[in-house]
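As structure tokens, the structure follows; a few thoughts come after it.
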Amino acid sequence: MSQETVKIPDLGGADSVDVIEICVKVGDRIEPEQPLVVLESDKASMEVPSPVAGTVQSIALKVGDKVSQGSVVLVLTTDAAAPVAEPVSAAAPVAAPAAAPKAEAPQATEPVAAAPVATASQKQTVRVPDLGGAEGVVVIEVSIQPGDSVAKDSTLIVLESDKASMEVPSPVAGTVLSVAVKVGDKLNQGDVIAELDSPQAASATSALVEKAVAPVATSAAPVSSAPAPASPVPAAPVTATPTLGENRPSSEVYAGPAVRMLARELGVDLAQISGSGPRGRIQKDDLQAWVKQRLAQAASGAAGVAAGSGIPAIPSVDFSRFGEVRDEPMSRLHQLTAQNMLRSWLNVPHVTQFDDADITDLEDFRDGLKAEAQKRGSKLTPVPFLLKAVALALRAHPKLNASLAGDQIVYKDYVHVGFAVDTPAGLVVPVLRDVDTKSVWTLAEELADLAERAKARKLKPEDMQGGCFTVSSLGAIGGQGFTPIVNAPEVAILGVSRLAVKPVWDGKQFQPRKMLPLSLSYDHRAINGADAGRFLTELTQLLADIRRFVL
Ligand code: CAO
């Protein structure tokens, strides 16, 4: 086994690039090319892949750190037999801190020019590196104390000038023998920071990976090509280091650089997206699908209320955390319906009033017409009778045959009634014209024609325009009642539920009567409860005795 220090490769000239994701954690088994960290500059984001297989021993970075070429990412223990002597860290005797000599080394990061590290540990004096000309830079944090083990490139102290703060990393791994600085000290380049007992020297093998155990056992030469002088790394606010857990917290995402870049451009929080890639990795397709869905939802209103409305949004949930899920885009029709529903729900103060219409006689009459209906090729369900009764009630109660326009009430001198049709693509509301003037036979034919065309998606836009009132019949489906949402700018809608035989007191005894549950929702800005009550009463009377149709 040997150790490999993985470093940031050539970043194409970019400097101080943000670490936006740590893809591994200590103890993880890493395969070659597996992403270790993800970096993002203002121009691009990129993954830093592992050059070798191994196990993560220590991680030198955290999210928010800024790195440049050569910054240490982590140390791996590799399986491959090291082309070096036994790991020095295990073999080298570490001098006790108390016994540490205070020998001055010429440079903090100067290589250890002593005997091969495999045989003995080395004392290193770590000094303040080049501060880019800054002087008297204040120590704001001392991250080590005597006896600490430090990894190569782990932070020793943090300095702060009037322009920036920076971490000073350790040029080698080792044990802290002594610390020469304290918080508040003002330092210049070359000042001693600490003394380390280090078994380690290094010889760079590539820009990316450096053997932590430097001297090749067969070589008698001292280590002369030490790591490049450690340069201070601008310190970033400490943030939690994400790890890849099974139940990924929202702050932890697994995505490639291109996806991250795109997400950033689009302002998308990747934590909201479920990845379809390996280990839940968010792929470009996932992001695109998510954005498309969100845009469609926003257009339809299904996503909720627009930001700034003051209405708190419903939080997004990653349902896949709880089990298998399947995403399916909403049809355009569904989106439009959702938009209309939300608009109406938010704008219209709804009240719903309930009543049962006794349609025993109507049903008897309808039964008697079945043969004739068959001859006509017509399906005479209760709905055309309902439409006719509604139209007549609207004529008698024009407040429900109106719309609001600012401070004005627009009364309509025509009675066009829409009816909800359930189609495979979604809900549509074709409109029957001048319902009050048409016979029930005609209404039955027109209803059948429009419903058929609705289901075949052959309605023209004008077939769905101009409605004054809507009937939504769930009678064929079931239910005892529901509260329909007003199809604004109409001001009222009638919900029709399933006919049921109920005992009705006739003054002497209970009679089994066919009762049709009706629910009238209305816009309380336009209609008072009394108006709605009068309308519903009129309607139930018309349905209870359809001879009233001719009055
Ligand atoms: N109670 C009991 N039975 C009823 C009934 C009621 N209120 N209304 C209709 N029926 C019966 C019909 O008589 C017919 O019976 P038969 O086949 O024995 O003659 C059967 O139910 C099926 O009727 P239908 O659905 O073919 O025709 P319809 O005239 O009743 O309705 C239409 C037409 C277009 C309204 C209907 O097909 C439809 O799409 N309804 C759903 C509307 C909807 O989704 N509303 C909710 C909107 S809000 O989400």
task: Place the peptides 360-366, 514-520 in order of packing, highest mean first, counting for every residue the other Cβ atoms within 10 Å and averaging per peptide.
output: 514-520, 360-366
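Once you have the alpha carbon radius of gyration of segment 399-551, what is it after dividing by 2.2 N^0.38 Å, with N set to its residue count?
Rounded to two decimals, the normalised Rg is 1.11.
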field: Separation in nanometres of the label points that stand 7 Å from Cα toward Cβ, at GLU372 and TRP505
entry: 3.7
Approximate spin-label separation ILE477-GLU265, in nm, with each point projected 7 Å along Cα-to-Cβ: 4.3
message: Please compute the length gained on full extension between VAL26 and TYR411, using 0.36 nm multiplied by the number of residues separating them and subtracting their Cα-Cα distance.
response: 131.2 nm
- request: Evaluate the distance, in nm, between pseudo-label points positioned 7 Å from the Cα of ASP79 and of VAL325 along their respective Cα→Cβ axes.
  value: 3.7
- prompt: Residues in segment 321-361 near a label at SER403, defined as backbone nitrogen under 20 Å from the 7 Å Cα→Cβ point?
  reply: 336-351
Contour minus Cα-Cα distance for THR442 and VAL550 (0.36 nm per residue): 37.3 nm
field: For a label point 7 Å along the Cα-to-beta-carbon line of ASP434, residues of segment 441-466 with backbone N under 19 Å
entry: 441-450, 462-466
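A short reminder: the numbers here are calculations on the coordinates, not readings from a lab. Only a predicted model underlies this, so the values are computations on that prediction, with no experimental measurement involved. Virtual Cβ from ideal backbone geometry, glycine too; neighbours counted across all protein chains shown.
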